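What follows is a set of notes on a single structure, which appears directly below.
The values are calculated or read from the model by the stated rules, or taken from the named source; none is laboratory data. Every value quoted in this text rests on a predicted model; they were computed, and no experiment measured them. Positions of Cβ are generated from backbone atoms using ideal geometry, with glycine treated the same way; all protein chains shown enter the neighbour counts. The protein model used for the area step is the full one, side chains on, heavy atoms only, and it has no ligands, DNA or RNA in it. Shrake-Rupley method; radii C 1.70, N 1.55, O 1.52, S 1.80 Å.
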Amino acid sequence: MEYDNAKKMTLQELQHTVDDWIRTYGVRYFDVKTNMIVLTEEIGEMARVIARKYGEQSAKPTDNLNLEDEIADVLWVLTCIANQTGIDLEAAMKANFEKKNNRDKTRHIDNQKLK
């Protein structure tokens, strides 16, 4: 299950590639509840990197502060959950942008706290 790193990946390709990997190497998906717990764990790992690399917390010599990898782990598990629940990420993101465009078109522009 190789992916061409030189090629950009659409959300649809991401979903298919993760699904192919799971079916080839992962045996099967963890159940959705387990994947939610794994997602929480991955977000915690991402938070640890941000706290130590960009925040005030100091890093330990053994810390691996690879934010790129941690974000990819979060995206991986989110993709697994989308695949398991039949969600098309591309369609979901398009609908989410439409919602935000309608609901928040001027909300942030008009927010005096952001000026």
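General observations
- Residue tally, condition of a type in the set (A, V, I, L, M) and either on the phi > 0 side of the Ramachandran plot or open to solvent by 90 Å² or more (accessible area, probe 1.4 Å) (or both), over region 30-64: 2
- Only residues that are more than 8 Å from the chain's Cα centre (by Cα) and either of a type in the set (S, T, N, Q) or over 18 Å from residue 23 (Cβ atoms) (or both) were counted in region 69-86, giving 5.
- Reported count of residues in region 79-115, each being open to solvent by 80 Å² or more (accessible area, probe 1.4 Å), among the aliphatic types (A, V, I, L, M) and in a helix (DSSP H, G or I), is 2.
- Region 14-29, residues that are open to solvent by less than 60 Å² (accessible area, probe 1.4 Å) and either part of a helix (DSSP H, G or I) or in contact (Cβ under 8 Å) with a residue 12 or more places away in the chain (or both): 14, 15, 17, 18, 19, 22, 29
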